Structure formats: C-alpha cells, structure tokens
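The structure appears right after this line, and notes come after that.
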Amino acid sequence: AGRSGWISGNAYCLLANHVRQSQLGWAFPPETGFVLFEDRQTVRSPDAAVVLRNRLAELPDSFVPMAPDLAVEVLSPSDRMADALAKVAMYLQAGTPLVWLVNPATRTVVVFRSEMDPVTMAGSDTLDGGEVLPEFSVPVAEIFA
C-alpha cells in the first residue's frame, strides 16, 4: 500500500542517516533478506533494519546471515495483527533486541524489547534506539509525517 510503503521508507531514511553519521553499522531498506536462524532456512525481510558494525564487518552478497539488531515492521491494511505479532516474536526469538511495530492506522509504534513488556508510543512520545542505537531519537509523529 502507498501509505505503509512510504512510512517504511521514511523509517529507513531516518535510521540510515543516523547510522551513516554515527558509523555504527548498516541500515537496510525493505526487501533485504535476513537468515534468522542458522539451522533453518527462515528468511525474513523487515520493512527496515539495522545491523551493528561490530556484528557485521562487511556486507554479504547473499542474504544477511544473522538476525538484525533492530527490525521495523510496518502494518499494511491487509496485514493481520496476529501475523505481525508472530513476526515480532520470531525476531525476538532469533535474538533481535529491539523491534518496532509501526501502525499507520493508529499512528502508533509498539516497541518490543526482549524480556520486557511491549510499550505503545504515539504523537509527541520520543522513539529511541535503546541499547542498539543509544543516540537515536525521533518523535513518533515524525515517522508518519
């Protein structure tokens, strides 16, 4: 969908600008495949993702051979919440420490961290990169602006 695609791109741009300036790692746009589990052929493509440089020194020509440090999933109108939550659970199980579930319909971002309850953020709340990107922050509204 147009709106969810644009929001995915916006989230990617915000992250890409930050990791490029901070030289902390790599930001990946939609369609990038990640192999979440070494022993399974599970490839997932988040709507935006970050892998820190200390885990990935060089970019591979094939799928990224690990789970991302930050995965962003943007709900499109056709997505079922149960499916989206299953994706989030899979990232967390694979070791992704931070997952953002972006909902264009409600203009909210639900932040998932391993071992912690999800937090729903909206409007002027500040979305931050947590331990993954400690210096990254953006008002939630900017993701949708």
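The values are calculated or read from the model by the stated rules, or taken from the named source; none is laboratory data. Note that the coordinates shown come from a computational prediction; the quantities given were computed from them, not determined experimentally. Here the Cβ is made from the backbone with ideal geometry for all residues, glycine too, and neighbour counts use every protein chain on show. Side chains are part of the model used for accessible areas, which takes the heavy atoms of the whole protein and leaves out ligands, DNA and RNA. Shrake-Rupley method; radii C 1.70, N 1.55, O 1.52, S 1.80 Å.
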(request) Would you grab the residues whose amide H sits under 5 Å from the one on residue 25? Only those 5+ places off in sequence or on another chain, please, with H modelled 1.01 Å from N. (result) 53
(request) Quote the charge dipole size of the chain about the Cα centre in Debye, to the nearest 20; the model charges only the Cβ of Lys and Arg (+1) and of Asp and Glu (-1). (result) 220
(message) If you filter the range 33-122 for GluC sites (Glu not before Pro), then keep DSSP loop positions with at most 13 other Cβ within 10 Å, what is left?
(response) 38, 58, 115
(message) As I understand it, the dipole of the range 78-145 uses +1 on the Cβ of Lys and Arg and -1 on the Cβ of Asp and Glu, about the Cα centre. Which of 95, 126, 108 lies farthest toward its positive end?
(response) 108
(message) Please report the carbon-and-sulfur percent of the accessible area for the range 19-124; probe 1.4 Å, protein heavy atoms only, DNA, RNA and ligands left out.
(response) 50
(request) Could you run the Karplus curve 6.51 cos²θ - 1.76 cosθ + 1.60 with θ = phi - 60° over the range 106-122 and give me ³J(HN,Hα) per residue in whole Hz, x for Gly and Pro? (result) 9, 6, 10, 10, 9, 9, 10, 10, 4, 6, 10, 5, x, 10, 9, 10, 8
(message) From the helices alone, meaning DSSP H stretches of at least four residues, give me the mean residue ellipticity at 222 nm for the chain, per-run term -39500 (n - 2.57), in deg cm²/dmol to the nearest 500.
(response) -9000 deg cm²/dmol
(request) Would you mind getting the accessible area per residue of the chain, heavy atoms of the protein chains only, 1.4 Å probe, in Å²? (result) 54
(request) Restricting to the range 46-135, compute how many DSSP beta bridges are antiparallel as a %, nearest 5. (result) 75
(message) Name the residue from 24, 41, 5 whose Cα lies farthest towards the positive end of the charge dipole of the chain, charges +1 on Cβ of Lys and Arg and -1 on Cβ of Asp and Glu.
(response) 5
(message) Rounded, prolate or oblate, given the Cα gyration tensor of the range 57-106, with a/c below 1.5 counting as rounded?
(response) prolate
(message) Just to make sure I understand: if all protein chains stay in place, what is the order of 39, 69 by accessible area at 1.4 Å, largest first?
(response) 39, 69
(request) For the range 1-131, just the Cα set please: Rg and Dmax, both in angstrom. (result) 13.9, 42
(message) So if I place +1 on the C-beta of Lys and Arg and -1 on the C-beta of Asp and Glu, and nothing else carries charge, what would the dipole magnitude of the range 66-142 be about its Cα centre? I want it in debye, nearest 20.
(response) 280
(request) Please give the direction-averaged projected area of the C-alpha convex hull for the range 59-145, in square nanometres with one decimal. (result) 6.7
